[in-house]
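J.: Please read through the structure below; I'll follow up with questions.
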C-alpha cells in the first residue's frame, strides 16, 4: 500500500566496505539476469520510462541548447525513481517476499519524502554543467555563430579544429561520467535499503569505488558498453539492458557493503 505519511526511521549505522572480486562482479551480473527472468514484467515496465525518454530526445533533437536544458532539469530528477523499482524487486526476490505491484509502487511513492530526490538534484546539476560545457567548448572552437547551425554543419567535426574540440569533450566527458558513476554506484540502492542522508550515501559510494578501483572500473565499462549497444536498435535494447544492469547493481551493492546488525 502507498503510505502518504511514512514514519521517519532512525539513521542506519555506517556500513563496512568490502573488497569486491571480479568473480563476485560476474556473479552479480548473473544474479541480475536471473532477477529479470524471475520478474520480467517489472523490468520491462520500469525500462519503458527510459526508452520513451530516449525516443523523445531523438525525435525532437535534444542537441539544441533549450531542449538540453529542459531535459537536463527534468529527466535526472525523475529517473532515479524508476531504478528504485528494480532494486526493490531484487530485494524482495532475495528476501523471499511476494512481488506485488502495489507494494513495489508503494516503495517508489514513499521515496519522494526521503533522500533520493536530492540525488536527482545533484544529477541535474551535473547534466547542466555538461550541457553548458559542451556548448561553451563548441563556441570557443568555432565561434558563437556556429551554435546556430549545428544541425547543418556536422562536417565541422571532421576538421582539425573539430577533432581537437571532440578530444577535449571526450576527456572532460569521461571525467564527468566517472564522477557520476562514483557518486551513484552504490548510493542509490543504499538510500533505498537504509536510512542515510544523501551526502553520506554518495561519500560511501565514492569510497567504495576508490577501494575497488579495478572491479568498479570494469563494471563502469560494462555498463557504458551495454547501454551504448542497447541504444543502437532504436533504444529497444534498453528493455533488456536496463533491468539486468539495475538488478545487478543491487547485488553489487549487497556484496560491496556490510551493514552492522
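The values are calculated or read from the model by the stated rules, or taken from the named source; none is laboratory data. Since the structure is predicted, the reported quantities are computational estimates derived from the model, not experimental observations. Note that we place each Cβ from the backbone using ideal geometry, even for glycine, and neighbour counts take in every protein chain shown.
J.: Which of (1) assigned to a helix (DSSP H, G or I); (2) at pLDDT 85 or above does residue 58 not meet, given it meets every other one?
T.: Going through the list (1) assigned to a helix (DSSP H, G or I); (2) at pLDDT 85 or above, residue 58 breaks only (2).
J.: List the helices (runs of 4 or more DSSP H) inside the range 157-261, counting only whole elements, that have at least 3 residues being more than 16 Å from the chain's Cα centre (by Cα).
T.: 160-184, 198-211, 213-231, 238-256
J.: Here's something else I'd like to know. It is to be established whether one or more residues within the range 64-76 are outside any loop (DSSP other than H, G, I, E, B) and modelled with pLDDT of 65 or more.
T.: Taking every residue of the range 64-76 in turn, none turns out to be outside any loop (DSSP other than H, G, I, E, B) and modelled with pLDDT of 65 or more.
J.: Name the residues in the range 165-194 that are in contact (Cβ under 8 Å) with a residue 40 or more places away in the chain and exposed (fewer than 14 other Cβ atoms within 10 Å of the Cβ), would you?
T.: 179
J.: With respect to residue 260, is the statement that it is closer than 28 Å to residue 14 by Cα and either loosely packed, with under 13 Cβ neighbours inside 10 Å or at pLDDT below 85 (or both) true?
T.: It is true that residue 260 is closer than 28 Å to residue 14 by Cα and either loosely packed, with under 13 Cβ neighbours inside 10 Å or at pLDDT below 85 (or both).
J.: Can you pull out the residues in the range 99-124 that are over 13 Å from residue 188 (Cα atoms) and touching a helix residue (DSSP H, G or I) at 6+ places or on another chain (Cβ under 6 Å)?
T.: 99, 104, 107, 124, listed by residue number.
J.: Taking residue 4, is it touching a strand residue (DSSP E or B) at 6+ places or on another chain (Cβ under 8 Å) and either at pLDDT 70 or above or surrounded by fewer than 18 Cβ atoms within 10 Å (Cβ to Cβ) (or both)?
T.: no
J.: Still on this structure: Would you point out which residue out of 30, 92 is under 27 Å from residue 198 (Cβ atoms) and modelled with pLDDT of 80 or more?
T.: 92
J.: Let me ask something else about it. Can we say residue 43 is closer than 21 Å to residue 253 by Cα and either at pLDDT below 70 or within 21 Å of the chain's Cα centre (by Cα) (or both)?
T.: The answer is yes for residue 43.
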